[in-house]
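Structure first, then comments.
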Amino acid sequence: LLYRFDDALKGFRQVRAFSQEHGLKVFAAQSEYNRGYLLFLIGNYSEALKIMQAAEGEFRELGDEIHVAHCRSDSAEILLALNLPEHAIELATMAEKGFRAAGVTVDRSRVLLLLGRCLIRMGQTAEASVHYTIARDLFRADGNSLWASMAELGIASALMASGRLREAADLAVQAGEFFRSQNHL
């Protein structure tokens with residue numbers, strides 16, 4: 001948050017070394033995951049992807065399926081940023097299944113949004129809309145109106161991509177009204 005990326009990367013390396021030295025495998029894997037995500041945020045996609053894949057392997061060895069799903073979801077996000085939606089969708093689908101099996105609804109809902117973005121890039125707007133709708137309904141059931149409105153924007157983008165402009169505009173206006181009412185604009 002302070003834009004001190006080099007210090008943060010150094011800190012993650014130090015945490016990993018300390019954790020490994022003291023047999024704290026979960027914290028070692030978590031620090032590597034965090035380092036990979038930071039590299040993604042600063043645009044070093046190839047290194048981020050390598051580190052994320054390594055962290056996924058560590059979490060798999062530890063039997064931590066939720067973190068495996070997080071690694072897959074974030075790797076999918078990286079692949080989508082690299083304009084590889086067909087590869088991203090595979091990882092995002094595995095992540096969604098992992099979150100669903102673990103009962104982690106919020107993360108499952110967010111990965112459904114990612115799946116929707118992948119599908120839109122691949123021209124599969126009807127299927128994208130299904131994923132956005134499921135995500136919206138899960139967010140609503142969880143009482144998360146903000147993310148439900150984000151999902152509605154996804155539905156609107158799918159409608160727009162399929163030429164249903166009036167419906168897309170109506171949904172976008174509704175979402176915009178919600179964001180304004182919550183002072184998010």
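The values are calculated or read from the model by the stated rules, or taken from the named source; none is laboratory data. Bear in mind the structure is a predicted one, so any value in this text is a computation, not a measurement. Cβ: placed from backbone, ideal geometry, glycine included. Neighbour counts: every protein chain shown. Heavy atoms of the whole protein, side chains included, go into the accessibility calculation; ligands, DNA and RNA do not. Shrake-Rupley method; radii C 1.70, N 1.55, O 1.52, S 1.80 Å.
Suppose the filter is within 13 Å of the chain's Cα centre (by Cα) and within 29 Å of residue 162 (Cα to Cα); does residue 75 pass it?
Yes, satisfied.
Yes or no, residue by residue, for (1) surrounded by 19 or more Cβ atoms within 10 Å (Cβ to Cβ); (2) not hydrophobic (A, V, I, L, M, F, W, C):
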site: 106; (1), (2): no, no
site: 111; (1), (2): yes, no
site: 133; (1), (2): no, yes
site: 151; (1), (2): yes, no
site: 158; (1), (2): yes, no
site: 180; (1), (2): no, yes
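What are the residues in region 15-51 that are open to solvent by less than 40 Å² (accessible area, probe 1.4 Å), in contact with a Phe, Trp or Tyr (Cβ under 7 Å, 6 or more places away or on another chain) and farther than 20 Å from residue 102 by Cα, if any?
Hits for region 15-51 are 19, 31, 35, 38, 48.
Going through region 77-122 one residue at a time, which ones are within 24 Å of residue 63 (Cβ to Cβ) and not in a helix (DSSP H, G or I)?
103, 104
Somewhere in region 47-63, is a residue over 20 Å from residue 116 (Cβ atoms) and not in a helix (DSSP H, G or I)?
The answer is yes; a qualifying residue exists.
Being within 30 Å of residue 60 (Cβ to Cβ), without any contact (Cβ under 8 Å) to a residue 24 or more places away in the chain, open to solvent by 70 Å² or more (accessible area, probe 1.4 Å) and part of a helix (DSSP H, G or I) is the requirement here; does residue 127 meet it?
yes
Would you pick out the residues in region 142-185 that are assigned to a helix (DSSP H, G or I), small (Gly, Ala, Ser) and under 18 Å from residue 116 (Cβ atoms)?
148, 149, 151, 154, 156, 157, 158, 161, 168, 172, 175, listed by residue number.
Report, ordered by the first and then the second residue, all pairs with beta carbons closer than 8 Å, sequence separation of six or more or different chains, a first member in region 155-169 that is within 16 Å of residue 131 (Cα to Cα) and in contact (Cβ under 8 Å) with a residue 12 or more places away in the chain, and a second member that is among the basic types (Lys, Arg) and surrounded by 15 or more Cβ atoms within 10 Å (Cβ to Cβ).
So the pair list comes out as 155/136.
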